[in-house]
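The values are calculated or read from the model by the stated rules, or taken from the named source; none is laboratory data. Since this is a predicted model, take the numbers as computed values, not measurements. Ideal geometry is used to build each Cβ from the backbone, glycine not excepted, and the neighbour counts take in all protein chains shown.
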Amino acid sequence: MSEYTHITYEVSEQIATITIDSPQTKNAFTALMGQELIAAFRKADADDGVKVVVFTGKGRFFCPGADLSGGADTFDYDARESAAVDVAGDGGETIEGVRRDGGGRVSLAIAAMRKPVIVAFNGAGVGVGSTMTLPCDIRIASEDAKFGFVFAKRGIMPEAASTWFLPRVVGINRALEWVYTGRVFGPQEALEAGLVSRVVPAGELMDTTYAVARELVEGSSALTMAAGRKMLWGMLGADSPWEAHRLDSRGIYELGRMSDAKEGVTSFLEKRPPEFPARIPADYPEWLPDFPGPQPVE
């Protein structure tokens, strides 16, 4: 029996694939789905045998947004408190006296990853289906994909820490336009804004995505990718380039003594593909920065 009910998880060729697969909700986001996604991303991050993560959906949708089957009380946690706690299975975890946003918990689990995460948008990623992917590293869209930050249409707050991530991904003006209008838009607009890095025919989506994933598995150091991920995101909140220089200097010193640096140089001189020995998290440098500012919750 699968350990998940709303997603699937499999590992092959050092690639973990996390697939939203919830035909009962048409891949709409539920509290239980959020819990399962958090567990799956943490599982992949803790597995030395996983180098890259692919995140996608099964069927017509990637994730078309929150499950609205609760009707008018869908977002009223007080009205649905007992059911929400039971479904989430998290004991009603709170932050500053209110229930934590489920989409934000998924976003932060992805943000905490030490491995690259590639999103393959097979269909609509709307609402939380867009926002929870913002901490991912590479987003590839099918020509069938749609996006939308539809919160103004629902009368709710933009969630999943998207007010931090979205302006950093597409710029403040585009982020404000999308949040103000709440309109749904296609993959070409997403590509022009930098929300996705490429758009491909639907039949080529997974082949393209796995080709990118295999390129990282076969040719890139897991140690360098982990360092790059933490440094690039972490430095968004740095006060000056001197902070980056301080950590760069330590990184060059520390990583330069490790086996991946030796293999990278040796393989280049010998004109052969590298075989990097370092594994994450086993060889993860704990001195690397995380996101700036206080982090009172995981």
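Here are the numbers for this structure:
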| read-out | value |
| --- | --- |
| Filter pass, Leu255 being closer than 19 Å to Gly49 by Cβ and among the hydrophobic types (A, V, I, L, M, F, W, C) | no |
| Qualifying residue in the stretch 158-174 (condition: surrounded by fewer than 23 Cβ atoms within 10 Å (Cβ to Cβ) and among the small types (Gly, Ala, Ser)) | yes |
| The stretch 96-110: number of residues that are crowded, with 21+ Cβ neighbours inside 10 Å and either touching a Pro at 6+ places or on another chain (Cβ under 7 Å) or of a type in the set (Lys, Arg) (or both) | 3 |
| Residue match in the stretch 141-149 (condition: buried (at least 20 other Cβ atoms within 10 Å of the Cβ), within 17 Å of the chain's Cα centre (by Cα), under 25 Å from Val50 (Cα atoms) and in contact (Cβ under 8 Å) with a residue 40 or more places away in the chain) | yes |
| Enumerated strands (runs of 3 or more DSSP E) restricted to the stretch 1-68, each holding at least 2 residues that are over 21 Å from Ala278 (Cα atoms) and touching a Cys at 6+ places or on another chain (Cβ under 9 Å) | 52-57 |
| Residues satisfying the stated conditions in the stretch 110-142, i.e. among the charged types (D, E, K, R) and farther than 23 Å from Ala282 by Cβ | Arg139 |
| Residues (touching a strand residue (DSSP E or B) at 6+ places or on another chain (Cβ under 8 Å) and basic (Lys, Arg)) located in the stretch 94-126 | Arg100, Lys115 |
| Residue within the stretch 240-254 that is buried (at least 17 other Cβ atoms within 10 Å of the Cβ), among the hydrophobic types (A, V, I, L, M, F, W, C), in the same structural domain as Met157 (by TED's automatic domain parsing) and touching a helix residue (DSSP H, G or I) at 6+ places or on another chain (Cβ under 8 Å) present | no |
| Tabulated pairs, the stretch 109-125, first modelled with pLDDT of 95 or more, second basic (Lys, Arg) and outside any strand (DSSP E or B), C-beta under 6 angstrom, 6+ apart or interchain | Gly123/Arg60; Ala124/Lys146 |
| Matching entry among Pro187, Pro201 (being surrounded by fewer than 17 Cβ atoms within 10 Å (Cβ to Cβ), touching a residue at least 12 places away in the same chain (Cβ under 8 Å) and more than 22 Å from Ile110 (Cα to Cα)) | Pro201 |
| Evaluation of Ala28 against (1) over 21 Å from Thr209 (Cβ atoms); (2) free of Cβ contacts under 8 Å to residues at least 40 places away in the same chain (one fails), failing number | (2) |
| Residue within the stretch 13-22 that is among the charged types (D, E, K, R), surrounded by fewer than 21 Cβ atoms within 10 Å (Cβ to Cβ) and farther than 29 Å from Glu215 by Cα present | no |
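Let's see how each residue does on (1) under 26 Å from Gly203 (Cα atoms); (2) of a type in the set (D, E, K, R); (3) surrounded by fewer than 24 Cβ atoms within 10 Å (Cβ to Cβ); (4) at pLDDT 95 or above:
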residue: Lys43; (1), (2), (3), (4): no, yes, yes, yes
residue: Asp47; (1), (2), (3), (4): no, yes, yes, yes
residue: Thr56; (1), (2), (3), (4): yes, no, yes, yes
residue: Asp67; (1), (2), (3), (4): no, yes, yes, no
